[in-house]
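The values are calculated or read from the model by the stated rules, or taken from the named source; none is laboratory data. Keep in mind it's a predicted model, so treat the numbers as computed, not measured. A quick note on method: Cβ atoms are made from the backbone with ideal geometry, for glycine too, and the neighbour counts reach across all protein chains shown.
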């Protein structure tokens, strides 16, 4: 029987202030200044969480709230999945368990925060979801095309901040973190396109609140199911 996607509760307990600002993912060589700054930010995140990382029971949920200067436009660039991807990858190695729920927000402020907790499932009304399926590799254009085609005719979200949750159902051999970016790149029908002639570049900078969730289904094989829950964005990082 096909498993339904699971949505998890956003961690709401103790959050730890970061003294080293979160950094965006980059694919530069290991000695490039941007890569060195990213490595320093990730190592600081582990230091801040300390024993908390090893003491979280069961499946893990992580939350990152990113503070940006008031001079930085909140709805342009600084894509939340690019903050979450390196952090989730790094933390997963330290907890020795799969992170099944990852949350990120951005807001104007001085301090960024990080939290990890046991993941707790929650119910989502099916009528609030769009469900798509894909059979292609996440590294291919076919993956994005299959998702975009299923979203054809969907109503584009109004201008302004957007909140978005994506719940993935994947087989045990899939690395779900590698599906985040190509999936979001496919959401032009919902988010709009940055330029009419530029494919796979949605206006995802206006996502101010992002939740990503994992369900593993041994029967899924290479197929991927994604349940999309979207709405008007709410800045959640403030204290």
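Exactly one of these conditions fails for residue 189: (1) over 21 Å from residue 60 (Cβ atoms); (2) assigned to a strand (DSSP E or B); (3) at pLDDT 95 or above. Give me its number.
Here residue 189 meets the rest and fails (2).
Which one of 98, 131 is closer than 22 Å to residue 11 by Cβ and in contact with a strand residue (DSSP E or B) (Cβ under 9 Å, 6 or more places away or on another chain)?
Numbers: 131 fails: closer than 22 Å to residue 11 by Cβ.
Only one candidate passes the filter, namely 98.
Among the residues of the stretch 166-180, is any touching a strand residue (DSSP E or B) at 6+ places or on another chain (Cβ under 7 Å), in a strand (DSSP E or B) and either modelled with pLDDT under 95 or closer than 25 Å to residue 68 by Cβ (or both)?
Within the stretch 166-180, one or more residues are touching a strand residue (DSSP E or B) at 6+ places or on another chain (Cβ under 7 Å), in a strand (DSSP E or B) and either modelled with pLDDT under 95 or closer than 25 Å to residue 68 by Cβ (or both).
Against the definition (out of contact with any helix residue (DSSP H, G or I) (no Cβ under 6 Å at 6 or more places or on another chain) and either over 27 Å from residue 12 (Cα atoms) or in the same structural domain as residue 224 (by TED's automatic domain parsing) (or both)), how does residue 110 come out, yes or no?
no
Applying the selection to the stretch 202-224, what residues are outside any strand (DSSP E or B) and touching a helix residue (DSSP H, G or I) at 6+ places or on another chain (Cβ under 6 Å)? Spell out how you get there, then give the answer.
Pass one, the stretch 202-224, residues outside any strand (DSSP E or B): 203-206, 217-223.
203, 204 - these are the residues of the stretch 202-224 that are outside any strand (DSSP E or B) and touching a helix residue (DSSP H, G or I) at 6+ places or on another chain (Cβ under 6 Å).
Any idea which of 4, 32 is under 30 Å from residue 218 (Cβ atoms) and either modelled with pLDDT of 95 or more or out of contact with any strand residue (DSSP E or B) (no Cβ under 7 Å at 6 or more places or on another chain) (or both)?
4
How many residues are surrounded by fewer than 14 Cβ atoms within 10 Å (Cβ to Cβ) and closer than 18 Å to residue 61 by Cβ if we restrict to the stretch 1-23?
Total satisfying the criteria: 3.
Looking at the stretch 80-103, which of its residues are crowded, with 21+ Cβ neighbours inside 10 Å and farther than 15 Å from residue 27 by Cα?
Once the filter is applied, which keeps residues that are crowded, with 21+ Cβ neighbours inside 10 Å and farther than 15 Å from residue 27 by Cα, the stretch 80-103 yields 80, 88, 91, 99, 100, 101, 102, 103.
Quick one: how many residues across the stretch 13-29 are under 19 Å from the mean Cα position of the chain (by Cα), at pLDDT 90 or above and over 15 Å from residue 104 (Cβ atoms)?
1
Do we find a residue being farther than 24 Å from residue 35 by Cβ, modelled with pLDDT of 95 or more and not assigned by TED's automatic domain parsing to the domain that holds residue 148 anywhere in the stretch 85-99?
Checked the stretch 85-99: no residue is farther than 24 Å from residue 35 by Cβ, modelled with pLDDT of 95 or more and not assigned by TED's automatic domain parsing to the domain that holds residue 148.
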